[in-house]
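Asker: Structure in structure tokens, see below.
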Amino acid sequence: MPRKGSIAEVAEGYEAISAADVYSWLIKMSSETFQFNLSEIKKIKELIRNKFRIIVESKDEKQNIILKLILSNNKDSLNLIFYGTGKCLLQGKEGDFFEKISSFLKNSINLTFIKRRDKAKAIEIDESKLYELKECIIGFDEAGKGECIGPMVFGSVLLPKDKLLLFKDLKRDIKTLSLKELNYYCSLLREYKIKYYYEIISSLEITNFPFNLNRLMDNKYINLIRKYSNVVNQNFLLVIDNYNIRDKLQKYLENLKKNKIEFICKSKMDENVTAVKLASIVARQIRLSKMEELNRLNTLYDNKKSISFGKGASNDITGKWLRVFRKSHPSLEFPDFVRKKWSNVKEIEQRYPKKQIELKFLCPNCKEEISKILIYYNPQKKKINYHCSKCNKIIEKDCLRKKFTHIICDTNAYVAGILSKDFNSEKPIFEGCCVIQPFKILDEIETIRLSQKRGAQKELEKLKMFQQSGKIKITTKDYEITDPFDADKKLYDMISKNNGCVLISGDYNVADISHANGAFVFKIINYDPEKNKKQ
């Protein structure tokens, strides 16, 4: 049992976010202030980016911060903050890296040095003192907050005192751990039945969230804390690596405190408290696994060189991937795993704006301009034909080949196997296209009746084979809109946002409404249009 006392008593004498601050010691921290020219902020950022590794880039209009950079050399990191007043603040741990940045600002960028402030105090936690007071620590941390690609993951781990020695060799900086090492520690948690939970925020959710990201983070941490509601009591301590939490989480924690459940919310907890380190490991392991899968499915090619995305928000490799994507898909929006509100993504959108393409086709038979083509597959002749939606006559494939770059198929199109029928025919018209597969359509295939499901799944397997042979490209995508209206309307929205994209549909209602909403549609029909004039 822990000895008598309180977290507040141990923390007496230190300025704290809450009464839960604990015994600590001091690290030498320093800061310097500079003056800069507001009109040169983009140039300054580029010079810094070319010299140092930026792991996070952000801004805060409320605090008049026009640019905040977190720079790292793998061992240390520091903050470089540019204010709208023309002041620049350098903050970080004293040492070679701090001096190198300071010298670069003074000599290479020629910022005007104003003053060096008094050394700031930074608190670290003596973990042994915590376990003298509490039986268990529940640590919380997240991964992927500042990065512009992929999900953000929140981890939590309940670590009893008797399991602490299992992780005595855990590195101080878990950010240096490889995915193999992360997998190892996660397997230890499962092996010794150490309770842990996680929450995921998709990039789409981050993009669509109308408020500050920290408010969304508050919601996720509250969800995680509630998962422990059936076990937590006054012998537990909650430790959160502070990310500038908002009122909602602060009030929630203060309410827990009324029930004698104490908490610590400070920075650097992921370096000093094992439970928080493990929470960070859980979050990073899940995020890196998902990022590996995203990279595998979304590798691009530029001059026959493969391009993947990096890890940081302003990572040069990620920036190159975004530029190559826009070059390869000039009429499409960035995929939903890209956080479109991030400043570096917006900058690329401005430099390389999406091209607006209105698909129209002139029928060689009736000379009418059309945006709907009828597809008829003759099962007796095993032949697929394409017909004008106005004159019903067959359109020769040579007139259609290489006209369409992106396709969305609805569930009925997969059941009908239209794409594979086209690829197996002479002069396929969709060869070289990119097939966009909405997750909603893939999920819907799992819910249809068995005979249709088998046909659709067989078609998906064939398309994978065509992708491997280089005939098509395949990319998955979330619906952009998360409002609760019907899936068909979300499909229309996806087609309209990815202009230059055509819909292949065997659902007459979906095909006709999509066409009415401005989409170019291939409508699958079950009759010969030349013999039956009905449409």
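No lab work stands behind these numbers, since they all come straight from the coordinates. Predicted model, so just to flag it, every value in this text is computed and none were measured. Neighbour counts are summed over all protein chains in view; Cβ atoms, including those assigned to glycine, are modelled from backbone coordinates with ideal geometry.
Asker: What FRET efficiency, computed as 1/(1 + (r/R0)^6) with R0 = 45 Å and r the Cβ-Cβ distance, is obtained for Asn378 and Ser331, rounded to the nearest 0.05?
Answerer: In this case the efficiency is close to 0.85.
Asker: Students often check this: by mean Cβ neighbours within 10 Å, which of 379-392, 211-224 ranks highest, and how do the rest follow?
Answerer: 211-224, 379-392
Asker: Report, for the chain, the % of DSSP beta bridges that are antiparallel, rounded to 5. Write out the running numbers ahead of the final one.
Answerer: Working: 60 of 91 bridges.
Of the beta bridges lying entirely in the chain, close to 65 percent run antiparallel.
Asker: Follow-up. Could you tell me the calculated FRET efficiency between Lys471 and Ser178, based on Cβ-Cβ distance and R0 = 35 angstrom, to the nearest 0.05? Numbers along the way, then the final one.
Answerer: Details: r = 36 Å, r/R0 = 1.04.
The calculated FRET efficiency here is 0.45.
Asker: Next up: Where both partners of a DSSP beta bridge lie in region 361-525, what percent of those bridges are antiparallel, to the nearest 5? Working shown, then result.
Answerer: On the way: 9 of 30 bridges.
Counting only bridges with both partners in region 361-525, antiparallel ones make up about 30 percent.
Asker: Please work out the Kirkwood hydrodynamic radius for region 361-525, using every pair of different C-alpha atoms, and report it in angstroms with one decimal place.
Answerer: 16.1
Asker: Charges only on Cβ, +1 for Lys and Arg, -1 for Asp and Glu: so what's the dipole of the chain about the Cα centre, in debye to the nearest 20?
Answerer: Computed about the Cα centre, the dipole is about 1200 debye.
Asker: If you line up the long axis of helix 450-468 against the longest principal axis of the chain, both from Cα atoms, how many degrees apart are they, to the nearest 10?
Answerer: 80
Asker: Let me ask something additional. Name every cysteine in the chain that ends up alone, with no second cysteine's Cβ under 4.7 Å, or say none.
Answerer: Lone cysteines by the Cβ rule: Cys88, Cys136, Cys148, Cys186, Cys265, Cys399, Cys409, Cys433, Cys434, Cys501.
Asker: In degrees, nearest 10, range 0 to 90: what is the angle between the Cα axis of helix 316-328 and the longest Cα principal axis of the chain?
Answerer: That helix lies at roughly 10 degrees to the long axis.
Asker: Charges only on Cβ, +1 for Lys and Arg, -1 for Asp and Glu: so what's the dipole of region 118-250 about the Cα centre, in debye to the nearest 20?
Answerer: Dipole size: approximately 200 debye.
Asker: Something else: Taking a label point 7 Å from the Cα of Lys248 along the Cα→Cβ vector, which residues of region 176-208 have an amide N closer than 15 Å to it?
Answerer: 200-202, 205-208
Asker: Could you pull out the trypsin sites (Lys or Arg not before Pro) across region 33-125 that fall in loop regions by DSSP (anything but H, G, I, E, B) with no more than 13 other Cβ atoms inside 10 Å? Could you put the intermediate results ahead of the total?
Answerer: Details: sites: Lys42, Lys43, Lys45, Arg49, Lys51, Arg53, Lys59, Lys62, Lys68, Lys75, Lys87, Lys93, Lys100, Lys106, Lys115, Arg116, Arg117, Lys119, Lys121; in loops: Lys62, Lys75, Arg117, Lys119.
Sparse-neighbourhood loop trypsin sites (Lys or Arg not before Pro): Lys62, Lys75, Lys119.
Asker: Additional query: Please check which bits of region 508-529 a label hung off Asn365 would reach, taking the label as a point 7 Å along Cα-to-C-beta and the cut-off as backbone N under 17 Å.
Answerer: The answer is 522-529, whose backbone nitrogens lie closer than 17 Å to the label point.
Asker: Any idea which of Gly155, Tyr352, Ser202 is furthest toward the positive side of the dipole for the chain, if Lys and Arg beta-carbons carry +1 and Asp and Glu beta-carbons -1?
Answerer: Tyr352
Asker: Given Cα pairs under 8 Å that are at least 6 residues apart, what percent is the relative contact order of the chain?
Answerer: About 12 percent, as a whole number.
Asker: Here is a further query. Are any of the pairs Lys372/Lys477; Lys42/Lys471; Lys62/Lys266; Lys62/Lys168; Lys355/Lys464; Lys59/Lys327 more than 32 Å apart by Cα-Cα distance, and if so, which?
Answerer: On the way: Lys372/Lys477 24 Å; Lys42/Lys471 42 Å; Lys62/Lys266 22 Å; Lys62/Lys168 42 Å; Lys355/Lys464 29 Å; Lys59/Lys327 28 Å.
Over 32 Å Cα-Cα: Lys42/Lys471; Lys62/Lys168.
Asker: Also, I was wondering about something else. Apply the a/c threshold of 1.5 to the C-alpha gyration tensor of region 302-351 and tell me whether it is rounded, prolate or oblate.
Answerer: Oblate shape, in that a/c is at least 1.5 and b/c is the bigger or equal ratio.
Asker: Compute the relative contact order of region 150-204 as a whole-number percentage, counting only Cα pairs closer than 8 Å that sit 6 or more residues apart in sequence.
Answerer: Numbers: 35 pairs, mean separation 41.9, N = 55.
About 76 percent, as a whole number.
Asker: Something else: Which net charge results when you count Lys and Arg as +1 and Asp and Glu as -1 among the other residues whose beta-carbon is under 13 Å from that of Asn298?
Answerer: Details: positive: Lys290, Arg296, Lys473, Lys477; negative: Glu292, Glu293, Asp336.
After counting each charged neighbour, the total is +1.
Asker: Let me ask another. Rounded if a/c is under 1.5, else prolate if a/b beats b/c, else oblate: with a ≥ b ≥ c from the C-alpha gyration tensor eigenvalues square-rooted, which is region 26-123?
Answerer: Here region 26-123 falls in the rounded category.
Asker: Quick check: Cα centre of region 224-298 to Cα centre of region 393-425, how many Å?
Answerer: The distance from the Cα centre of region 224-298 to that of region 393-425 comes to 49 Å.
Asker: In µm²/s, what is D for region 78-196 at 25 °C and 0.890 mPa s, where D = kT/(6 pi eta Rh) by Stokes-Einstein and Rh is the Kirkwood radius from Cα pairs? Numbers along the way, then the final one.
Answerer: Details: Rh = 18.4 Å.
Roughly 133 µm²/s, to the nearest whole number.
Asker: Among 31-38, 409-416, 276-283, 163-170, what's the highest-first ranking by average C-beta atoms within 10 angstrom per residue?
Answerer: 276-283, 409-416, 31-38, 163-170
Asker: Choose one of Leu189, Thr411, Ile261: the residue whose Cα lies farthest towards the positive end of the charge dipole of the chain (beta-carbon charges +1 Lys, Arg; -1 Asp, Glu; about the Cα centre).
Answerer: Value: Thr411.
Asker: Something else: Using the Cα atoms of region 347-447 to build a convex hull, what is its mean projected area in square nanometres?
Answerer: On the way: hull surface 35.3 nm².
In nm², the orientation-averaged hull projection of region 347-447 is 8.8.
Asker: Could you work out how far helix 274-297 tilts from the main Cα principal axis of the chain, as a 0 to 90 degree angle to the nearest 10?
Answerer: 20
Asker: For Cα pairs less than 8 Å apart in space and 6+ apart in sequence, what is the mean separation divided by the residue count of region 180-262, i.e. the relative contact order in percent? If you can, show how the numbers build up before the last one.
Answerer: On the way: 42 pairs, mean separation 24.6, N = 83.
It comes to 30 percent, rounded to a whole number.
Asker: Distance cut-off 31 Å, Cα to Cα: go down the list Lys106/Lys248; Lys100/Lys145; Lys75/Lys115 and report the pairs above it.
Answerer: Over 31 Å apart, Cα to Cα: Lys106/Lys248.
Asker: Continuing with this model, one more query. Run the dipole for region 302-351 about the Cα centre, Lys and Arg Cβ at +1, Asp and Glu Cβ at -1, nothing else charged, and hand back the magnitude in debye, nearest 20.
Answerer: 100
Asker: Considering the values (i) 56, 33, 19; (ii) 46, 28, 21; (iii) 53, 29, 19, which represents semi-axes √(5λ) of the Cα gyration tensor in Å as calculated for the structure under consideration?
Answerer: (iii)
Asker: Using a 10 Å cut-off on Cβ atoms, rank the peptides 329-341, 178-190, 198-210 from the highest mean neighbour count down.
Answerer: Details: 329-341: 19.8, 178-190: 14.6, 198-210: 17.6.
Final packing ranking: 329-341, 198-210, 178-190.
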